[in-house]
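Comments concern the structure below.
The values are calculated or read from the model by the stated rules, or taken from the named source; none is laboratory data. Just so it is clear, the model here is predicted, and its values are computed rather than measured. We place every Cβ from the backbone using ideal geometry, glycine too, and count neighbours over all the protein chains shown. The accessibility values were calculated without ligands, DNA or RNA, using every heavy atom of the protein model including side chains. Shrake-Rupley method; radii C 1.70, N 1.55, O 1.52, S 1.80 Å.
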Amino acid sequence: MSSNQKIYEGKAKILYTTDDPEILLTYFKDDATAFNAQKKGTITGKGKINCTISSYIFKLLEAQSIPTHFIDCPASDKMRVQRVTILPIEVIVRNIAAGSLCRQTGLTEGTILKFPLVEYCYKNDSLQDPLLTRDRLLLLELATPEQLEQIRTFAVKINDILINFFNQCQITLVDFKIEFGLDKHKNLILADEISPDSCRLWDQSQTDPNQRVMDKDRFRRDLGNVETAYQQVLERILAHKG
Ligand code: 5GP
């Protein structure tokens, strides 16, 4: 396969081929979208920040036996990743009520959940990523029962690792979205990214519900200082001495 061919462009990233058919190059864009791309903008420096944060987190997870697609970072906004077939499922883990959980259940934002809530959404823009039941997910054959079991086990373990890690950065992990892929041997691999675009992160030194937001909700809710918040997450992660 020839290298540097664009094979996919999403809202926040572009995927290119490389000389090795099993390796892809991800370019992280500064483009930001929300509400199924109805709101569009740019967060200056976001590509580099998200690529650097994601790389750090993937390495952290790999060190704790979570298989990820991460290989290395040839530049601060580029990540080489193992080629996988992405499952069309957004796996969401929540520790504190926010966002669609509040809208759909009436729970008050900030309510601490009695247990980590693992949810699945259908990654399908034209259907607006609807929440799936386990049976719908199996009916649509988006994953096998065994894969779903493994996804859940990984999701809970990733949550445990990340809660602890972000706590050490004085950041509360409210919720996050992850995606998985299958490699050529059908092994389940954590893919996509883990960054302030895909997590809700609250600054533990702030109590004000707007001031504490360090993630894409600043862009979604027009809270301002989006770049500064992303930069602060990066700085706290890089200053972290595990
Ligand atoms: P909610 O369902 O409350 O909108 O989102 C739950 C969590 O998943 C939040 O951390 C949010 O950022 C993340 N999330 C949900 N959908 C998407 C998506 O399509 N893209 C990204 N990057 N994150 C998402």
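Given charges of +1 on the Cβ of Lys and Arg and -1 on the Cβ of Asp and Glu, with all other atoms neutral, how large is the dipole of the chain about its Cα centre, in debye to the nearest 20? Mind showing how you got there, number by number?
Numbers: 31 positive and 32 negative charges, 59 e Å.
Dipole of the chain, to the nearest 20 debye: 280 debye.
Please work out the ratio of the alpha-carbon Rg of segment 28-75 to 2.2 N^0.38 Å and round it to two decimals.
For segment 28-75, the normalised Cα radius of gyration is 1.40.
Can you list the GluC sites (Glu not before Pro) in segment 80-132 that are in a DSSP coil and have 16 or fewer other beta carbons within 10 angstrom?
On the way: sites: 90, 109, 119; in loops: 109.
Passing sites in segment 80-132 are 109.
Principal axis lengths of segment 104-237 from Cα atoms, whole Å, largest first?
On the principal axes, segment 104-237 reaches 43, 31, 30 Å in Cα extent.
Taking all protein chains in place and a 1.4 Å probe, what share, in percent, of the accessible surface of the chain do carbon and sulfur account for?
Working: 5900 of 11940 Å².
Solvent-exposed carbon and sulfur of the chain make up 49 percent of the total.
Run the numbers on the chain and let me know its relative contact order in percent, using alpha-carbon pairs under 8 Å that are six or more apart.
Details: 444 pairs, mean separation 41.1, N = 242.
It rounds to 17 percent for the chain.
Take every Cα pair under 8 Å in segment 109-217 that's 6+ residues apart, average their separations, divide by the length, and report that relative contact order as a whole percent.
16 percent
When the distances between all Cα atoms of segment 54-160 are binned every 10 Å from zero, what whole-number percent does each bin get?
12, 35, 37, 15, 1
Based on the Kirkwood radius over alpha-carbon pairs, what is the Stokes-Einstein translational diffusion coefficient of segment 90-139 at 10 °C with 1.306 mPa s viscosity, in µm²/s?
Details: Rh = 11.7 Å.
Using the Kirkwood radius from Cα pairs, D works out to 135 µm²/s.
Under 27 Å between alpha carbons, and skipping anything fewer than 8 positions from residue 39 in its own chain: which lysines qualify?
Correct list for residue 39: 6, 11, 13, 29, 48, 78, 123, 177, 216.
Could you tell me the accessible area of residue 126 in Å² (1.4 Å probe, neighbours in place), rounded to the nearest ten?
Only protein atoms counted, so the area is about 110 Å².
Hey, can you find the accessible area per residue of the chain for me, probe 1.4 Å, expressed in square angstrom?
Working: 11940 Å² over 242 residues.
Using a 1.4 Å probe on heavy atoms only, each residue of the chain averages 49 Å².
On a full-extension model of 0.36 nm per residue, what is the gain between residue 63 and residue 5, subtracting their alpha-carbon distance, rounded to one decimal in nm?
On the way: separation 58, 0.36 × 58 = 20.88 nm, distance 3.15 nm.
Between residue 63 and residue 5, full extension yields 17.7 nm more.
Take each complete run of DSSP H in the chain, measure how far its Cα atoms stretch along the helix's own axis, and keep only those covering 27 Å or more with mean Kyte-Doolittle hydropathy at least -0.5; list them. Don't skip to the end; give the middle numbers.
Values: long enough: 145-168 (35 Å, -0.09).
Span-like helices, by this rule, are 145-168.
Where does the charge balance sit around residue 167 when Lys and Arg score +1, Asp and Glu -1, over other residues with C-beta under 13 Å from its C-beta? Before the final figure, lay out each step's value.
Numbers: positive: 236; negative: 160, 203.
Within the 13 Å Cβ shell, the charges total -1.
Rounded to the nearest 0.05, what FRET efficiency do residue 185 and residue 42 give with R0 = 35 Å and r taken as the Cβ-Cβ distance? Could you check?
Values: r = 39 Å, r/R0 = 1.11.
With a Förster radius of 35 Å, E is 0.35.
Could you work out how much longer the chain between residue 225 and residue 75 gets when fully extended? Use 0.36 nm per residue separation minus the Cα distance between them, nm to one decimal. Kindly include the intermediate steps, with their values, before the conclusion.
Numbers: separation 150, 0.36 × 150 = 54.00 nm, distance 2.53 nm.
Stretched out fully, the residue 225 to residue 75 stretch lengthens by 51.5 nm.
In segment 122-207, what GluC sites (Glu not before Pro) fall in a loop by DSSP, with at most 15 other Cβ atoms inside 10 Å? It would help to have the intermediate numbers written out before the result.
Details: sites: 141, 146, 149, 179, 193; in loops: 141, 193.
Hits after loop and neighbour filter: 141.
Just for the Cα atoms in segment 186-242, what are the lengths along the principal axes, largest first, rounded to whole Å?
Cα spread of segment 186-242 along its principal axes, largest to smallest: 45, 30, 18 Å.
Two decimals is fine: what's Rg over Rh for segment 1-80, C-alpha atoms, Kirkwood radius as Rh?
Values: Rg = 13.6 Å, Rh = 13.5 Å.
Expressed as Rg/Rh, it is 1.01.
How big is the convex hull of the Cα atoms of the chain, per residue, in Å³? Could the numbers behind the result be given before it?
Details: hull volume 31.9 nm³, N = 242.
Convex hull volume per residue, Cα atoms: 132 Å³.
If you count only protein heavy atoms and use a 1.4 Å probe, how large is the accessible surface of residue 197, to the nearest 10 Å²?
20 Å²
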